[in-house]
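> Handing you a structure now.
The values are calculated or read from the model by the stated rules, or taken from the named source; none is laboratory data. Quick caveat, the model's predicted, so the values are computed rather than measured. Heads up, the Cβs are rebuilt from the backbone with ideal geometry, glycines too, and the neighbour counts pull from every protein chain shown.
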Amino acid sequence: MEVRDPIHGLIEYNDIEEKIINTQIFQRLRGIKQLAHANLVYPGAHHSRFEHSLGVMHLAGKVGNRLKLPQEQVNNLRLAGLLHDIGHGPFSHVSEQIIEKYVGKSILNKYKAQNIQEMLSIIFIEKNEEIRRILSDDEVNGIKILLQKEERRTLQKDIISGPIDVDKFDYLLRDSYFAGVKYGTFDIDKVIESLIPVDMSRTEKQLGIREEGIYSIEQLLLAKYHMNVQVYQHRLRRITDAMLVRGIEFSVNERIDEIEKIYKFKDNNNYFNNFIKFDDEAIVNSIIKQSNGWAGKFFERLKRRQIFKEIFQIEICVENFDDSVLLNNASNPSENQIKNINEKVAAFLKISSEMVIIDIQNISNPTFKQQEVAINTSEIMVINKLGKRKSFTAVSSIFHNPSIEPKKQFIYIYAPLDEIDSRDERKMFINQNRDKIVNLIKEELR
């Protein structure tokens, strides 16, 4: 069997893969957008986790065959690629920030997962009745090994989740295509052709590249960087993500039963069975229908594209926060400090504090944990023509890790400016009041 894909052309799948694709739990991925509400910025970005998963399956098999791995290993790689995102909740990564409040490290460790999405994927592969009727115990264990967090990297794990894995290959090309931008394009055929097993010890291998593939990897890393700056952290994308998170938080606080059952994690089958009933549209409809408070107002605004404005931003650095304690507090404000800043900004703007969002952007903020995670170039191994192992940063003439993931941190404040119609007037208002907001923030952080 085969299906036509706009990114990879014809994608073939076998009987077992077809049975998985036709399960309710997998079909649910059609209703989970890859980039949440990015379509409010890039109108074509309606693509879902469903087609992304097919693409990762296809590339995993392609790389496995390229490396001449045994057929059983290739089969497991394809199944792991197909199921790697099966645990995604509504709006992909965005709403996982709420679930994290109810999941301790002990639960993540129990399932050997690094984050919520990986944990839920492992759980569903292990426990979902539909999947267990299709896969054997050996297949389930083989897939779990490729997805679980372990100290030891292996060649197969690197293909699914490593510095240069097939997940990144697919989402960069797919997100770029559907967003209608050219930033995410790279020579995937040359990248795959350049992949090679690298001996790290007598018994361990990792995924590396041949020396002639350096330029194609540089192209991949540039694509990653530009997609990060231009698409994943686009200003309106950041704001809509933050509005989604705030709206869901309000719905949990309002005790909307269906929403609580999704976001208040419980390690039992009732929670897992309920979780897979919901996709993006189901969450939106449930909140709008049942909320009489702020949750409904936030989702109505998103539905009508009444997006908050970025009224303030400041980089957290020595130049802007020249006192050491002030700088540390700006990087790691307490909940009470954020609450007080929120209330003071709201009073200054003469609006309700519920309509102000304080967003600290850094690499540990769950809102920015998905495609923005850095590719650690020092972990990419290159085999030169003499057979010597070199780190990518040692042989690339243009790349060092800070070029790919600048270590910057910002405070953003979002709020509606509904009373100001003109964009120029909004800019004037923001510019005129920036110093007042800076002083307000610094007073609270001292």
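> Check whether at least one residue in segment 328-339 is part of a loop (DSSP other than H, G, I, E, B), surrounded by 19 or more Cβ atoms within 10 Å (Cβ to Cβ) and of a type outside the set (S, T, N, Q), and report yes or no. Spell out how you get there, then give the answer.
Looking only at segment 328-339, we keep the residues that are part of a loop (DSSP other than H, G, I, E, B), and these are 332-334.
From what's left, surrounded by 19 or more Cβ atoms within 10 Å (Cβ to Cβ): 333.
Adding the requirement that they be of a type outside the set (S, T, N, Q) leaves 333.
Yes, segment 328-339 has at least one match.
> Being in contact with a helix residue (DSSP H, G or I) (Cβ under 7 Å, 6 or more places away or on another chain), surrounded by 18 or more Cβ atoms within 10 Å (Cβ to Cβ) and in a helix (DSSP H, G or I), is that true of even one residue in segment 196-212?
The answer is no; no qualifying residue exists.
> While we're on this one: Quick check on this structure: which one of K110, K127, K144, K190 is over 20 Å from D267 (Cβ atoms) and not hydrophobic (A, V, I, L, M, F, W, C)?
Details: K110 fails: over 20 Å from D267 (Cβ atoms); K127 fails: over 20 Å from D267 (Cβ atoms); K144 fails: over 20 Å from D267 (Cβ atoms).
Answer to the selection: K190.
> Determine which member of the set A242, A295 is of a type in the set (A, V, I, L, M), free of Cβ contacts under 8 Å to residues at least 60 places away in the same chain, part of a helix (DSSP H, G or I) and in contact with an Asp or Glu (Cβ under 6 Å, 6 or more places away or on another chain). Full working, then the answer.
Values: A242 fails: free of Cβ contacts under 8 Å to residues at least 60 places away in the same chain.
Exactly one of A242, A295 is of a type in the set (A, V, I, L, M), free of Cβ contacts under 8 Å to residues at least 60 places away in the same chain, part of a helix (DSSP H, G or I) and in contact with an Asp or Glu (Cβ under 6 Å, 6 or more places away or on another chain), namely A295.
> Then there's this: State which residue pairs qualify: first residue within 20 Å of R152 (Cβ to Cβ) and surrounded by fewer than 17 Cβ atoms within 10 Å (Cβ to Cβ) and inside segment 107-128, second residue modelled with pLDDT of 95 or more and not β-branched (V, I, T) in any location, beta carbons under 6 Å apart, and separation of 6 or more residues or different chains.
Once the first residue is within 20 Å of R152 (Cβ to Cβ) and surrounded by fewer than 17 Cβ atoms within 10 Å (Cβ to Cβ) and sits in segment 107-128, no partner that is modelled with pLDDT of 95 or more and not β-branched (V, I, T) comes close enough.
Conditions tested, residue by residue: (1) surrounded by 19 or more Cβ atoms within 10 Å (Cβ to Cβ); (2) of a type in the set (A, V, I, L, M, F, W, C); (3) more than 20 Å from the chain's Cα centre (by Cα); (4) modelled with pLDDT under 95.
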position: P6; (1), (2), (3), (4): no, no, yes, no
position: G9; (1), (2), (3), (4): no, no, yes, no
position: I20; (1), (2), (3), (4): yes, yes, yes, no
position: Q24; (1), (2), (3), (4): no, no, yes, no
position: L29; (1), (2), (3), (4): yes, yes, no, no
position: A38; (1), (2), (3), (4): yes, yes, no, yes
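> Now for a different question. On the basis of being surrounded by fewer than 17 Cβ atoms within 10 Å (Cβ to Cβ), touching a residue at least 60 places away in the same chain (Cβ under 8 Å) and of a type in the set (A, V, I, L, M, F, W, C), does I16 make the cut? Don't jump to the end; show me each part of the working.
Values: surrounded by fewer than 17 Cβ atoms within 10 Å (Cβ to Cβ): yes; touching a residue at least 60 places away in the same chain (Cβ under 8 Å): yes; of a type in the set (A, V, I, L, M, F, W, C): yes.
For I16, the condition - surrounded by fewer than 17 Cβ atoms within 10 Å (Cβ to Cβ), touching a residue at least 60 places away in the same chain (Cβ under 8 Å) and of a type in the set (A, V, I, L, M, F, W, C) - is met.
> Do you know which residues across segment 178-195 are assigned to a loop (DSSP other than H, G, I, E, B) and among the charged types (D, E, K, R)? Outline the logic, then answer.
In the first step, residues of segment 178-195 are kept if they are assigned to a loop (DSSP other than H, G, I, E, B); the result is 180-187.
Matches in segment 178-195: K182, D187.
> Turning to a different aspect of this structure: For residues that are outside any helix (DSSP H, G or I) and of a type in the set (D, E), scanning just segment 134-154, find the one that is nearest to the chain's Cα centre (by Cα).
We begin by selecting, within segment 134-154, every residue outside any helix (DSSP H, G or I); these are 135-136, 148-154.
Add one more test, that the residue is of a type in the set (D, E), and what stays is 150-151.
Values: E150: 20, E151: 22 Å.
For segment 134-154, the residue satisfying everything is E150.
> For residues that are more than 23 Å from the chain's Cα centre (by Cα) and touching a residue at least 40 places away in the same chain (Cβ under 8 Å), scanning just segment 298-308, find the one that is nearest to L40 (Cα to Cα). Let's see the steps before the verdict.
Keep residues of segment 298-308 that are more than 23 Å from the chain's Cα centre (by Cα), which gives 300-301, 304, 306.
When the remaining residues are screened for being touching a residue at least 40 places away in the same chain (Cβ under 8 Å), the result is 301, 306.
Values: R301: 12, Q306: 10 Å.
Checked segment 298-308; the qualifying residue nearest to L40 (Cα to Cα) is Q306.
> So which residues in segment 201-232 are closer than 27 Å to K68 by Cβ and aliphatic (A, V, I, L, M)?
Hits for segment 201-232 are L207, I209, I214, I217, L220, L221.
> Taking the condition within 19 Å of I123 (Cα to Cα), more than 14 Å from the chain's Cα centre (by Cα) and hydrophobic (A, V, I, L, M, F, W, C), does L79 pass? So that I can check it myself, show each step before the final result.
Numbers: within 19 Å of I123 (Cα to Cα): yes; more than 14 Å from the chain's Cα centre (by Cα): yes; hydrophobic (A, V, I, L, M, F, W, C): yes.
Yes, satisfied.
> Scan segment 298-327 for residues that are surrounded by fewer than 19 Cβ atoms within 10 Å (Cβ to Cβ) and basic (K, R) and jot them down.
Of everything in segment 298-327, those that are surrounded by fewer than 19 Cβ atoms within 10 Å (Cβ to Cβ) and basic (K, R) turn out to be R301, K303, R304, R305.
> Okay, moving on. Name the pairs: first residue in segment 426-446 and of a type in the set (D, E, K, R), second residue exposed (fewer than 12 other Cβ atoms within 10 Å of the Cβ), Cβ to Cβ under 8 Å, at least 6 apart or on different chains?
From segment 426-446, the pairs are R446/V325.
> Residues I420, I411: which one is at pLDDT 80 or above and in a strand (DSSP E or B)?
I411
> Starting from segment 145-171, take each residue that is of a type in the set (F, W, Y) and list its partners that are part of a helix (DSSP H, G or I) and surrounded by fewer than 22 Cβ atoms within 10 Å (Cβ to Cβ), counting only C-beta distances under 6 angstrom and pairs at least six apart or across chains.
If the second residue must be part of a helix (DSSP H, G or I) and surrounded by fewer than 22 Cβ atoms within 10 Å (Cβ to Cβ), the pairs left are F169/I188.
> Follow-up question, since we're still on this one. Filter segment 87-106 down to residues that are among the polar types (S, T, N, Q) and in a helix (DSSP H, G or I) and give me whichever is surrounded by the fewest Cβ atoms within 10 Å (Cβ to Cβ). Don't jump to the end; show me each part of the working.
Residues of segment 87-106 among the polar types (S, T, N, Q): 92, 95, 97, 106.
Keeping just the survivors that are in a helix (DSSP H, G or I) gives 97, 106.
Values: Q97: 21, S106: 7.
For segment 87-106, the residue satisfying everything is S106.
> Which count do you get for residues in segment 155-177 that are touching a strand residue (DSSP E or B) at 6+ places or on another chain (Cβ under 7 Å) and assigned to a loop (DSSP other than H, G, I, E, B)? Walk me through how you get there before you give the answer.
Initial filter on segment 155-177 (touching a strand residue (DSSP E or B) at 6+ places or on another chain (Cβ under 7 Å)): 155, 158-159, 162, 164.
Filter once more, keeping what is assigned to a loop (DSSP other than H, G, I, E, B): 162, 164.
Residues meeting the conditions: 2.
> A further question on this structure: With respect to K182, determine if the residue is under 16 Å from A80 (Cα atoms) and out of contact with any strand residue (DSSP E or B) (no Cβ under 8 Å at 6 or more places or on another chain). Write out each step before concluding.
Working: under 16 Å from A80 (Cα atoms): no; out of contact with any strand residue (DSSP E or B) (no Cβ under 8 Å at 6 or more places or on another chain): yes.
So K182 fails the test.
> For segment 260-297, which residues satisfy the criterion of being closer than 26 Å to M355 by Cβ, crowded, with 16+ Cβ neighbours inside 10 Å, within 22 Å of the chain's Cα centre (by Cα) and not aromatic (F, W, Y)?
I262, D280, I283, V284, listed by residue number.
> Same structure, new question: Among the residues of segment 245-257, write down those that are out of contact with any strand residue (DSSP E or B) (no Cβ under 7 Å at 6 or more places or on another chain), part of a helix (DSSP H, G or I) and surrounded by 17 or more Cβ atoms within 10 Å (Cβ to Cβ).
Taking segment 245-257 as the starting set, the residues that turn out to be out of contact with any strand residue (DSSP E or B) (no Cβ under 7 Å at 6 or more places or on another chain) are 245, 247-257.
In the following step, the residues that additionally are part of a helix (DSSP H, G or I) were identified as 245, 247-253, 257.
Selection gives V245, G247, I248, E249, F250, S251, V252.
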